[in-house]
Amino acid sequence: SQDLLRATFELGINYQFCPPRTPWFKPMVERSLRTLAEQFAHQLPGTSFANWFDRYGYDPLKESIVTLSELVHALHIWIIDIYSQTYHRGLKQTPYAVWQRAAEIVTPRTIDPERLRLVLSKQAERVLGHAGIELHGLRYNCKDLLPWRKQLGDRIKVQIRFDPDNLGSIFALHPQTKEAMPVPCLTPDYAEGLQLHQHKLIQASLRKEGLASADPLSLARAKVRMQEVVGQLLQSRKLADRKRAARAKGAHSSKVMTTGKLPPTISEDAELPPTDSWSPPSTLPVLPHDPEGDCHE
């Protein structure tokens with residue numbers, strides 16, 4: 001996508017495209033995925049085995065006990081404490097030792113998390129007027145945008161950056177200096193932490209009922225109803241239903257990575273989304289130790 005190409009350019013990354021259905025163009029990537037599957041994913045309860053013989057008499061729905069936050073946590077432990085500290089036949093030493101030696105030659109570069117969020121956001125062009133900026137039916141405005149309009153005109157086109165995983169705020173880029181200005185949504189109780197996919201589901205529900213999609217009360221009530229439907233789908237035995245529910249709920253790895261937690265489930269009696277803090281379960285599955293499979297290729 002254009003956003004990916006722009007992000008790689010701004011981060012100074014040289015990208016290469018592989019032809020479709022040609023895994024031999026990226027053998028190291030394919031081997032890494034195999035190692036991840038065999039040494040980590042297939043060791044967890046609820047995994048879906050690739051071999052039909054391994055799946056015989058095995059129901060992953062009954063065996064699965066790992067939440068998404070636990071999975072991400074366990075993956076970090078495996079990468080840092082297990083894989084990186086295990087002898088690699090191709091490197092002739094551990095990956096951690098190779099990293100340490102390379103870091104002594106060239107200091108690893110880091111990037112500010114807020115800057116990284118700006119770079120990895122999606123980009124669009126919108127009009128900045130007296131009412132602010134409209135994006136996906138939501139209004140964004142702040143007093144810091146007033147000098148822009150005084151300098152460049154009452155209605156000006158600006159480039160914006162937005163995070164599809166959180167519509168609570170956007171970045172507006174100054175047309176001349178390219179300064180990034182954070183601009184909050186005018187309905188923060190609704191938009192903060194809301195994903196674009198969730199917002200589109202809510203907008204579609206409101207249009208179906210003939211309600212105004214910009215009414216804050218209608219938005220809040222539709223958000224609660226969406227969570228109720230999600231709760232019902234999560235109990236379904238059908239994998240397709242549970243996938244739809246997880247997507248509508250906003251359960252994915254980037255949410256865990258940026259917040260350290262998943263969004264809370266709204267109770268059926270609530271009129272507005274709750275604001276109480278929520279913590280993920282602290283229990284983690286114990287990965288079995290296999291001395292014979294310790295070496296990497």
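So if I check each of Leu145, Leu186, Leu167, which one is over 21 Å from the mean Cα position of the chain (by Cα) and closer than 28 Å to Arg6 by Cα?
Details: Leu186 fails: closer than 28 Å to Arg6 by Cα; Leu167 fails: over 21 Å from the mean Cα position of the chain (by Cα).
Matching residue, one of Leu145, Leu186, Leu167: Leu145.
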Going through region 1-48 one residue at a time, which ones are of a type in the set (S, T, N, Q) and either under 30 Å from Gln123 (Cα atoms) or in a helix (DSSP H, G or I) (or both)?
Ser1, Gln2, Thr8, Asn14, Gln16, Ser32, Thr35, Gln39, Gln43
Does Trp99 satisfy being aromatic (Phe, Trp, Tyr) and over 30 Å from Pro45 (Cα atoms)?
yes
Which ones in region 105-130 are modelled with pLDDT under 95 and among the charged types (D, E, K, R)?
Arg109, Asp112, Glu114, Arg115, Arg117
If Asp154 meets every condition in (1) part of a helix (DSSP H, G or I); (2) exposed (fewer than 11 other Cβ atoms within 10 Å of the Cβ); (3) in contact (Cβ under 8 Å) with a residue 12 or more places away in the chain apart from one, which number is that one?
(1)
Restricting attention to region 88-111, the residues that are more than 23 Å from Ile13 (Cβ to Cβ) and among the hydroxyl-bearing types (Ser, Thr, Tyr) number exactly 2
Could you list all residues from region 65-99 that are among the β-branched types (Val, Ile, Thr), in contact (Cβ under 8 Å) with a residue 40 or more places away in the chain and in a helix (DSSP H, G or I)?
Val72, Ile77, Ile82
Positions within region 177-193 being free of Cβ contacts under 8 Å to residues at least 40 places away in the same chain and at positive phi, in sequence order:
Lys178
Give the residues of region 182-212 that are in contact with a strand residue (DSSP E or B) (Cβ under 8 Å, 6 or more places away or on another chain) and exposed (fewer than 14 other Cβ atoms within 10 Å of the Cβ), sorted by residue number.
Pro188
So which residues in region 129-151 are over 22 Å from Tyr190 (Cβ atoms) and either polar (S, T, N, Q) or in a strand (DSSP E or B) (or both), if there are any at all?
Gln151
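Which residues, counting only those in region 140-151, are more than 16 Å from Thr177 (Cα to Cα) and surrounded by fewer than 16 Cβ atoms within 10 Å (Cβ to Cβ)? Show your work before the answer.
In the first step, residues of region 140-151 are kept if they are more than 16 Å from Thr177 (Cα to Cα); the result is 140-143.
Within region 140-151, Cys142, Lys143 meet the criteria.
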For Asp154, the lone unmet condition from (1) in contact with a His (Cβ under 8 Å, 6 or more places away or on another chain); (2) of a type in the set (Asp, Glu); (3) modelled with pLDDT of 95 or more is (3)
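The values are calculated or read from the model by the stated rules, or taken from the named source; none is laboratory data. Everything numeric here is computed off the predicted structure, so don't read it as measured data. Cβ atoms come from the backbone with ideal geometry, glycine included; neighbour counts cover every protein chain shown.
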